[in-house]
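Notes to accompany the following structure.
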Amino acid sequence: MIASQTDRILELLARVTEADEVRTNHELALFDLQLLDSMKTVELMVALSSELGVEVSPAEFERDQWATPALFLNDIARRMRA
């Protein structure tokens, strides 16, 4: 994934979680620290679709794949390649 895509994805994550730290600390426990919850996860799915064209349905979402910013980036990169 190119740097600009990574930056755009992290920008979305930072905006939804309201935590700029996700840009620099890719090992933050997003759900454990309550930066992401069910409502914010849906908000993130909508933002991914509308701003990046990446479709993630709740049926195919796995919380473990979005547990940290690093895992989230990997999952979105995989979906963008598909």
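The values are calculated or read from the model by the stated rules, or taken from the named source; none is laboratory data. Small disclaimer: the values here were computed from a predicted structure and weren't measured. All Cβ positions, glycine included, derive from the backbone under ideal geometry; neighbour counts span all protein chains shown.
Mind counting the residues in the range 26-57 that are surrounded by fewer than 12 Cβ atoms within 10 Å (Cβ to Cβ) and in contact (Cβ under 8 Å) with a residue 40 or more places away in the chain?
Summing the residues that are surrounded by fewer than 12 Cβ atoms within 10 Å (Cβ to Cβ) and in contact (Cβ under 8 Å) with a residue 40 or more places away in the chain in the range 26-57 gives 1.
Evaluate the following for T6: is it surrounded by 14 or more Cβ atoms within 10 Å (Cβ to Cβ), part of a helix (DSSP H, G or I) and either modelled with pLDDT of 95 or more or not polar (S, T, N, Q) (or both)?
Details: surrounded by 14 or more Cβ atoms within 10 Å (Cβ to Cβ): yes; part of a helix (DSSP H, G or I): yes; either modelled with pLDDT of 95 or more or not polar (S, T, N, Q) (or both): no.
For T6, the condition - surrounded by 14 or more Cβ atoms within 10 Å (Cβ to Cβ), part of a helix (DSSP H, G or I) and either modelled with pLDDT of 95 or more or not polar (S, T, N, Q) (or both) - is not met.
Restricting the search to the range 38-58, which residues are of a type in the set (S, T, Y) and within 10 Å of the chain's Cα centre (by Cα)? Before you say what the answer is, go through the steps one by one.
Filtering the range 38-58 for residues of a type in the set (S, T, Y) gives 38, 41, 49-50, 57.
Correct list: T41 only.
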